[in-house]
1. Among Asp182, Asp71, Asp382, which one moves the most in a GNM of the chain with springs linking Cα atoms closer than 10 Å?
2. At a 1.4 Å probe radius, which order do Tyr236, Tyr368 fall into by accessible area, largest first?
3. Would you mind pulling out the separation of the Cα centroids of segment 371-390 and segment 307-334, in Å?
4. For the chain, modelled as a Gaussian network with Cα springs under 10 Å, which listed residue fluctuates most, Gly138, Gly252, Gly266?
5. Taking Cα pairs under 8 Å and at least six residues apart, what relative contact order does segment 52-177 come out at, in percent?
6. Most mobile of Asp51, Asp384, Asp146 per a Gaussian network model of the chain (Cα springs, under 10 Å)?
7. Given a Förster radius of 45 Å and the C-beta distance between Asp227 and Ser76 as r, what FRET efficiency does 1/(1 + (r/R0)^6) yield to the nearest 0.05?
8. Need one value: the accessible area of Glu349 in square angstrom, 1.4 angstrom probe, rounded to the nearest 10.
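The values are calculated or read from the model by the stated rules, or taken from the named source; none is laboratory data. In this text the structure is predicted, and so the values were computed from the model without any measurement. Neighbour counts run over all protein chains shown; Cβ positions are idealised from the backbone, glycine included. Surface accessibility is based on the protein's heavy atoms, side chains included, excluding ligands, DNA and RNA. Shrake-Rupley method; radii C 1.70, N 1.55, O 1.52, S 1.80 Å.
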Amino acid sequence: MSSSLAGVAQQQPLVSVMDIASVETLQDGRVLRVHWSDGQSARFHALWLRDNALDDTTRDQVSGQRLVTLDQIPASPVVTTAELSDQSVALTFLPEEKTVTFDAAWLRAHAYDLHGSPPEPNGWLPSGIESWDAGLPGGVHTAAFDALKSDRGALRDWLSAMQKSGVAKITGGPETEGALFDVTAMFGFIRETNYGRHFEVRTEVNPVNLAYTGLGLQAHTDNPYRDPVPTLQILYCLENSAQGGDSLVVDGFRAAERLRAEMPDGFAALSQHCARFEYAGSNGVHLSSRKPMIELSPDGQLVGIRFNNRSTAPIVDVPFDHMETYYAAYRRFAEIVDDPSMAVRFKLEPGESFMVDNTRVLHARTGYSGAGSRWLQGCYADKDGMLSTLACLDAELGIAAE
């Protein structure tokens, strides 16, 4: 059943594709269809609309949090009337006889009927995320430390680049211990671990971690043995006069895309079966996790990479009949990660730093000799703070979300 709800007469001509042209009810009011002036339309369930009402008895007007639980609204509400204007529609729900106004742009932004199926098979990436290899256009996005501290637009652009590519650099920072905390404070908070608020990356006698030697390190994500992993890592250079010790970054998402194209069964194996990771290198610490090397969301979006040969424990969660396929995929994935065509390479100078999305971008370093010195300080942070700061900066600067 369908009925038209023409609503209030429009007083002004349509001026935006976000204007609502008309609405109609379907299924005896259990569904509302909205038609926008650009020709797009979408259906909304009445229950979904009622649950997401924005009025001050349903939502706190400061925090935006719900004031009612789902069982406090009718189980089967229906839309009976609508009062329509260019930029909004006021809907009345029965049996409550409650009227709620929805903004046209808000409805368009939340039109789940328009999302459809994922644009690709398992391993698809959302808009705004771009995978890359050694040919990363423009190289790693770089900004000056002082500009990030003083210019909100520069900070916004730097964080936006981090969100898009998963890596960004800073130059011209102070050559002082603890300066990496100033970087983190620009957008979020330190994630403290058993290594402390920060850790030193330089040669040690009897190190508890191979990162504290002069050995080269294969590209890896940090701390895969934690659940959850720290989602951001910052490495800040204080000294780097040793021969070698260059930094490399590899996009794990691009590596996963290559594996999917070359070895679909292998991609499926690494995403459908869990690996195990473990660290027990110091007294009082024994960390372990059970997660796939390539993590997908329930709808197939590529959301995370965990790859760290040094910390991989015996893999026991793969059925016998699939283990050879799994190891073939593991080997090929490692070969892709090690392919020079995948890595962006740079040498940090004192006062320079870089940050990586530790759920995506692998980092590595070349070996370095005992001559000279190499001293970096590192710390962890989390993406929620970064993404929150970016969203607030977008709103403050009037920049539409990508």
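1. Asp71
2. Heavy-atom accessible area, descending, gives Tyr368, Tyr236.
3. 29 Å
4. Among Gly138, Gly252, Gly266, the largest mean-square fluctuation in the Gaussian network model of the chain belongs to Gly138.
5. Relative contact order for segment 52-177 comes out at 15 percent.
6. Ranking Asp51, Asp384, Asp146 by mean-square fluctuation puts Asp51 first.
7. The pair Asp227/Ser76 has a calculated efficiency of 0.70.
8. Glu349 has an accessible surface of roughly 90 Å² with all protein chains in place.
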